[in-house]
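For reference, the structure is listed below as structure tokens.
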Amino acid sequence: PPLALTSIPSTTKGNATTVSWPTIATAQAYFLNALGTNDQDMVIWSSSEAAEPGWGLMGYLGNTQRDQWLAEKVLLPAAQTQCALPASIFAKTNGALVQGIAYGQEFNKTWGADWTVQIRVKSVGLLPLERVDPAVKMPVQKALTPAIPGMPNLMPNLGGALKGLFGR
């Protein structure tokens, strides 16, 4: 399923905006980053406790790298379902765009000496954040979730999908 990010802007000046998402049962870790701009500056924020903007983290991660970055608190644990963006971080921008990723498992399968398949699973989401006037009550903002009609969910029957792919 897509990572369905939502936000609840603070109605009190100086308080953080909370970004949240429903649990994805197969997620092993999460990561968020955001970008905001004005006429002169670009502001980058990430959910990492380390100094990591996250440009390279929005792709696929192998299990070993994911587990290392979880231990180093670069990634958020699977049990976490919300994160606070400090109010001051985007105060002088014209809004921001939050992107998030949920990392799943990596699956590896080898058939003889000729075939190797590696599948890395992820779910992503985008959430535009508008500049908020604390005096105006704003509705919850919802993520941009792409819908692909008829797109099958291959994960519950991954073995069957691979079997068909290789004609076995």
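If you stretched the chain out fully between Gln105 and Ala79, how much longer would it get, using 0.36 nm times the residue separation minus the C-alpha to C-alpha distance?
Working: separation 26, 0.36 × 26 = 9.36 nm, distance 1.53 nm.
Difference between extended and current length: 7.8 nm.
Using a Förster distance of 22 angstrom, determine the FRET efficiency expected from the C-beta separation of Thr23 and Lys92, and round it to 0.05. Display every interim value, and only then the final one.
Numbers: r = 34 Å, r/R0 = 1.54.
The value I calculate is 0.05.
No lab work stands behind these numbers, since they all come straight from the coordinates. Model, not experiment: these values are computed from the prediction. We place every Cβ from the backbone using ideal geometry, glycine too, and count neighbours over all the protein chains shown.
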